[in-house]
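The block underneath contains the structure these notes are about, expressed in structure tokens.
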Amino acid sequence: MAAKAGTTPATYSPSPTTNNKKNRTPLFSDVDWVRPDGRDFHQCRPAFLRTGAVNAASGSAYAEFGNTKVIVSIFGPRESKKAMMYSDIGRLNCNVSYTTFATPVRGQASDNKDISSQLHKSLEGAIMLNTFPKTTVDVFALVIFILAGDLPVIISCASLALADAGIMMYDLVAAVSVSCIGKNLVIDPISEEENHQDGSLMTTCLPSRNEVTQLTITGEWSTPKIHEAMELCLDACSKLGKIMRSCLKESASTSQE
Amino acid sequence: MTSEERESNCPTIVSVGDHRRIKQPRRRELAMFTDRPWVGLRTFGDGVYWTVRRWCLQDHKALMYSVNQTVSLLGQVIISVRVAPRNPSSDVILPYSKANGSARVKMGRTEVIASVKAELGRPSSSAPGKGKVSIFVDCSPTAAPQFEGRGGEELSMELSAALRQCLLGGKSGAGGGINLSSLSIVDGKVCWDLYIDGLVVSMDGNVLDALGAAIKAALSNTGIPKVNIASATTPDEQPEVDVSDEEFLQFDTTAVPVIVTLTKVGRHYYIADATSEEESQMSSAVSVSVNQQGSICGLTKRGGAGLDPSVIVDMISVAKHVSEELMNKLDSEIAAAEAMEEDSS
């Protein structure tokens, strides 16, 4: 394991578990430490995006960012539930569920409602709800494998699926998160880095319109650091937006042939 | 223009329909002119403001909570003059004997109660040297009829998540308002579980700020009992812990941040401390939590509309300025309420 490489316990200890934890933290407080997967501080994970993962849905997408795998399928616009009131704009219903084998510990991820509402907040600013009045668009995200957090992957995949379904949107939604570990800003953190972070900043933006639909900051930040982190995020989001666009163009051209 | 001249210029209120709703905005706006400072935002000239105001008051239907053109215009104008937050007044710190600390905060007509309860528990395996804090907000139906049963669940989840983010800091514990290591009693075996519960009693907009202030006040009022640890016979057994009845540890709340919500209304303006009338016009809101040192401890954006990044940066700097004022007021109110409690007990 990368964390234990190069560190030897000084004395024999009958409970090796406590030793592991003590050895893990110094890794991130060194001045120039290397990320566990060998990436640069400002380098994102390679993104694999494909649309049309689910045949039965109106639109769907599969995203793989490093080890995180997510499928999102869109059903709609379809009739709203009878119990709901009439509304002259459309409704968006988001649901994120985890497979039982999604996390290293079986059945660990259970706070679905929180993540579902965050997904809803990120997407509703981008969708033209007035183009499908009285109906509902259902966004169902299934997380196949995830180590920790990783809401940005779910958001990006969901917006790609919405585009595949033909739902009218103002722009694609791209999401990136930045972690502050010690003095360094690390983009697109993995779970190991996230556990030792001093703060995190997640941005969801519409790259072409340069608008931020969701911004979540935790931990202690000084104002210049926030500026730097936001610039990093917006830059990464625009690049991710280009990747998403090229994926959509590819799938459109292959379907035409 | 002095305030008397302004008052004489005010149109007489037509007492048709729900006159209470018409009167209250007027009282509030007079207070705005007389004692609130501006915090560097653009303002309309007085003349323009008054013309529009007069027109809207004659059409009293415009002040109802429905979206129509006059209300949106009113929203744009009224915003430019209201920037400073309402005075928080923690007028009563409830001597709620079952809780370790509690506070009630009133901001205008928004009223919230926060209570802190400490119980012994086991620390989680991933953080054996730290205590646990759980924050939960409940919206009572007394605040709004739609909160009956499960109606208030969505709002209470959003508020709880925002508070958790602002008060607990990053995963490594840095930047958190509450020092979790101080809650640990025996490493890996016994720790304090803090249950912070908020209750929204009356809603007039800006509940998150009021909850942040109430939690800060409740924490400063909290006393954690002293514990005596009997030595454990083997490392695997639970050590015996004896909780004393005399309150011992007072919480250090200098690191607890204060939350400031800036609501964007219309296209160009944003206001601090929106009332529910102003919130009905909101397109999006940014809640910034700032601590004593002036660094940002958390930020949440509510509402679906997109915001330009430069606007967000601007909001952060305005929030920092406003939070200084709010924190000073809050600290003085807490000190006054505590002094009153000591005098009466």
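Count of the stretch A:42-92 residues, restricted to those that are outside any strand (DSSP E or B) and acidic (Asp, Glu), is 1. Output the number of residues of the stretch A:162-187 satisfying the condition of being open to solvent by 20 Å² or more (accessible area, probe 1.4 Å), at pLDDT below 90 and more than 10 Å from chain B (Cβ to nearest Cβ). Qualifying residue count for the region: 2. Regarding residue A:152, is this residue within 13 Å of chain B (Cβ to nearest Cβ), under 12 Å from the mean Cα position of the chain (by Cα) and under 23 Å from residue A:227 (Cβ atoms)? When the stated conditions are applied, residue A:152 does not pass them.
The residue list A:144, A:74 contains one member that is away from chain B (no Cβ under 14 Å), surrounded by fewer than 20 Cβ atoms within 10 Å (Cβ to Cβ), in contact (Cβ under 8 Å) with a residue 60 or more places away in the chain and of a type in the set (A, V, I, L, M), which is A:144. Evaluating residue B:336 against the criteria (1) buried (at least 16 other Cβ atoms within 10 Å of the Cβ); (2) free of Cβ contacts under 8 Å to residues at least 24 places away in the same chain; (3) part of a helix (DSSP H, G or I) leaves one unmet condition, (1).
Quick grid of which residues meet (1) within 22 Å of residue B:177 (Cα to Cα); (2) at pLDDT below 90:
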position	(1), (2)
B:280	no, yes
B:288	yes, no
B:293	yes, yes
B:303	no, yes
B:311	no, yes
B:314	no, yes
B:317	yes, yes
B:322	yes, yes
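Taking the criterion of being of a type outside the set (Val, Ile, Thr), touching a strand residue (DSSP E or B) at 6+ places or on another chain (Cβ under 9 Å) and under 18 Å from residue B:301 (Cα atoms), the residues of the stretch B:312-326 that qualify are B:314, B:315, B:319, B:320, B:323. Can you find, within the stretch A:188-199, the residue that is modelled with the highest pLDDT among those that are at the interface with chain B (Cβ under 8 Å from one of its Cβ atoms) and open to solvent by 30 Å² or more (accessible area, probe 1.4 Å)? Restricting to residues being at the interface with chain B (Cβ under 8 Å from one of its Cβ atoms) and open to solvent by 30 Å² or more (accessible area, probe 1.4 Å), the top hit is A:198. Residues in the stretch B:290-323 that are assigned to a strand (DSSP E or B) and either at the interface with chain A (Cβ under 9 Å from one of its Cβ atoms) or open to solvent by 10 Å² or more (accessible area, probe 1.4 Å) (or both): B:296, B:297, B:298, B:299, B:300, B:301, B:302, B:307. Within the stretch A:104-113, identify whether any single residue is surrounded by fewer than 21 Cβ atoms within 10 Å (Cβ to Cβ), outside any loop (DSSP other than H, G, I, E, B), within 14 Å of another protein chain (Cβ to nearest Cβ) and polar (S, T, N, Q), and answer yes or no. Checked against the condition, which is being surrounded by fewer than 21 Cβ atoms within 10 Å (Cβ to Cβ), outside any loop (DSSP other than H, G, I, E, B), within 14 Å of another protein chain (Cβ to nearest Cβ) and polar (S, T, N, Q), the stretch A:104-113 yields at least one hit.
Taking each residue of the stretch A:210-239 that is closer than 22 Å to residue A:128 by Cα and at the interface with chain B (Cβ under 7 Å from one of its Cβ atoms) and looking for partners that are open to solvent by 40 Å² or more (accessible area, probe 1.4 Å) and aromatic (Phe, Trp, Tyr) with beta-carbon atoms closer than 9 Å, six or more apart or interchain, yields A:211/A:170. Is one or more of the residues making up the stretch B:174-195 crowded, with 18+ Cβ neighbours inside 10 Å, touching a strand residue (DSSP E or B) at 6+ places or on another chain (Cβ under 9 Å) and of a type in the set (Asp, Glu)? Within the stretch B:174-195 (the criterion being crowded, with 18+ Cβ neighbours inside 10 Å, touching a strand residue (DSSP E or B) at 6+ places or on another chain (Cβ under 9 Å) and of a type in the set (Asp, Glu)), the answer is no, since none of the residues qualifies. Can you tell me how many residues within the stretch A:143-180 are closer than 20 Å to residue A:199 by Cα and among the charged types (D, E, K, R)? Number satisfying all stated conditions: 1. Scanning the stretch B:263-276 turns up at least one residue that is basic (Lys, Arg) and either closer than 22 Å to residue B:203 by Cβ or more than 14 Å from every other protein chain (Cβ to nearest Cβ) (or both).
The values are calculated or read from the model by the stated rules, or taken from the named source; none is laboratory data. Predicted model only: the values in this text are computed from it and were never measured. Methodologically, a virtual Cβ is constructed for each residue, glycine included, from the backbone with ideal geometry; neighbour enumeration extends over all protein chains shown. SASA here: full protein model, heavy atoms, side chains in, ligands and nucleic acids out. Shrake-Rupley method; radii C 1.70, N 1.55, O 1.52, S 1.80 Å.
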